[in-house]
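First the structure, in the form of structure tokens, and then the observations on it.
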Amino acid sequence: MVYNNQRKIEKKEKSMKLPFDAPSWVQELMEEDLTIERLGTCHYTSPFENMIQETGFIPDDERVVAITDKGLIEKFIQHDIPIPSFEKAGPRRKVFFEPGETVSGIVTCGGICPGLNSVIRSIVMMNYYRYNNKRIYGFRYGYAGLVKENGYDVQLLTPEIVETIHTDGGTILGTSRGNQDPVKMVDRLQELNIDILYTIGGDGTLRGAQQIAEEIARRGLKIAIVGIPKTIDNDISYIDRSFGFETAFSEACDAIYAAHTEAKAHDNGIGIVKVMGRDSGFIAAHATIATNEPNFCLIPEVDFDLDGSNGFLSHLTRRLLKRKHAVIVVAEGAGQKFFTNDKEEYDASGNKKLKDIGLYLKQKISEHLTKHHISHSIKYIDPSYTIRSRPPTPNDSIFCSQLAQAAVHAGMSGRTNVLVGYYQGNFTYIPIDIATRRRKKIDTNSSLWTSVLETTGQPVAMVNS
């Protein structure tokens, strides 16, 4: 099996400069080993042989190309260069672990997110009824629950326990942040005879999963580690969307509608809605387009100034004088440059604590309008924790189930150190270290950001050169 330190060596050896122009992310993929690690040869016949047709099984060599641009694909073909691709997810005819005898564990880490219980439920149901595995353990309160010394009981999960949890927000297993000792976590997995551990979380959780996989490899154990991407921010690389994201921006729409109603009710009324988005503004962008109400969408990927003739405050003032109201959607990570003099603080996961850009904007807007003798009313809405605690939308719930099913197929086939993704309309398997190497962000040259600009009418840039 190839692990992270070896991948870095191979990356240098196989690095090649494309002989034609291509986006930077394509060049990055050319330097990566996209092979999925496996625990060994699959000898057991899948119980799905009696459930699905021959064409329902995914051949081990079936791939999903990472490029859809016709012109770029033709250049790869012209130069006889293999197109980067990801392994396609789904059921295999032969599996590594014996159906009916495989022991699984599930852990949820980081902040809560819509759909966590849906994923847990689907993993349990898939194991119990499709692979006939009756022992599925839930670890309490994140990775802390994998360390025996912390004293958390392990919960045996059955269909009766998880039957209705998909209608509830949060996670029945609980969660936590912060690093744990991978040696102690693997000790716990060995003690419980766990064959497959499903880790549900964002980039921090996935990095922890990678550490567990590396400790397992060091010991020469046959334990699979399968990650399922949970991040409201939708910021995991090479994944079109993570579960919970659709619910998040759908719920944010309600806050935007409320802000618009408040703003229109007052002379020079302003509604500010702050949504989640530490480094990536996907929630803000999608909610803006979905509602068509915001006049400004501020995201971490696009710099802006407050003052000056091309600054945000000047553009906002012109909007108010013309239309008498305005709605602003701001991602939590936007405008953090305005807090450079503040003391930096970090959470248990090592993430820098963000300052409240929403309250800051409210204060600066009020000061600016008061200075120019413009009467105004500002309403500030922060629905972040309300959004996180919601159960998933029906479509998001479907997505949760499909991710979980693909994860169980991955684990049973002996794939490890792997993340289940969704890319170009297909479920895929991605090496964890590649998916977490950098955060996915909005491409400001993309059709998504163009749609935001067309929807809001805001200028392309609000910085003073």
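The values are calculated or read from the model by the stated rules, or taken from the named source; none is laboratory data. These figures come from a predicted structure and were not determined experimentally. Glycine also receives a Cβ, built like all others from the backbone with ideal geometry; neighbour counts cover every protein chain displayed. Accessible surface is based on the protein model in full, side chains and every heavy atom, while ligands, DNA and RNA are left aside. Shrake-Rupley method; radii C 1.70, N 1.55, O 1.52, S 1.80 Å.
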Problem - Check on Phe282, open to solvent by 10 Å² or more (accessible area, probe 1.4 Å) and touching a His at 6+ places or on another chain (Cβ under 6 Å) - result: no
Exercise for the section: Could you run through region 214-234 and say how many residues are closer than 16 Å to Gly115 by Cβ and either open to solvent by 10 Å² or more (accessible area, probe 1.4 Å) or within 8 Å of the chain's Cα centre (by Cα) (or both)? Expected result: 6
Practice task
Test each condition in (1) modelled with pLDDT of 95 or more; (2) open to solvent by less than 50 Å² (accessible area, probe 1.4 Å); (3) closer than 26 Å to Thr261 by Cα; (4) among the hydroxyl-bearing types (Ser, Thr, Tyr) for Thr416 and report the one that comes out false.
Solution key: (3)
Exercise for the section: Would you check if Glu87 is outside any helix (DSSP H, G or I), at pLDDT 95 or above and within 22 Å of the chain's Cα centre (by Cα)? Expected result: yes
Fill in the blank from the handout: Just one listed residue, out of Glu37, Glu32, is more than 26 Å from Gly100 (Cβ to Cβ) and under 26 Å from the mean Cα position of the chain (by Cα), and it is Glu32
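Which ones in region 444-463 are in contact (Cβ under 8 Å) with a residue 24 or more places away in the chain and loosely packed, with under 13 Cβ neighbours inside 10 Å?
If the condition is that a residue be in contact (Cβ under 8 Å) with a residue 24 or more places away in the chain and loosely packed, with under 13 Cβ neighbours inside 10 Å, then Gly457 is the only one that fits.
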Completion exercise
Of (1) at negative phi; (2) surrounded by fewer than 24 Cβ atoms within 10 Å (Cβ to Cβ); (3) not hydrophobic (A, V, I, L, M, F, W, C), Gly170 satisfies every one except (1)
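Where in region 115-221 are there helices (runs of 4 or more DSSP H), lying fully within it, with 1 or more residues that are free of Cβ contacts under 8 Å to residues at least 12 places away in the same chain?
Hits in region 115-221: 159-162, 203-219.
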Fill in the blank from the handout: For Ile77, the lone unmet condition from (1) in a helix (DSSP H, G or I); (2) surrounded by 13 or more Cβ atoms within 10 Å (Cβ to Cβ); (3) not small (Gly, Ala, Ser) is (2)
Fill in the blank from the handout: Being under 27 Å from the mean Cα position of the chain (by Cα), among the small types (Gly, Ala, Ser) and at pLDDT 95 or above narrows Gly115, Gly110 down to just Gly115
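Taking helices (runs of 4 or more DSSP H) that fall entirely within region 362-465, which contain at least 2 residues that are charged (D, E, K, R) and farther than 30 Å from Leu316 by Cβ?
Qualifying helices (runs of 4 or more DSSP H): none found.
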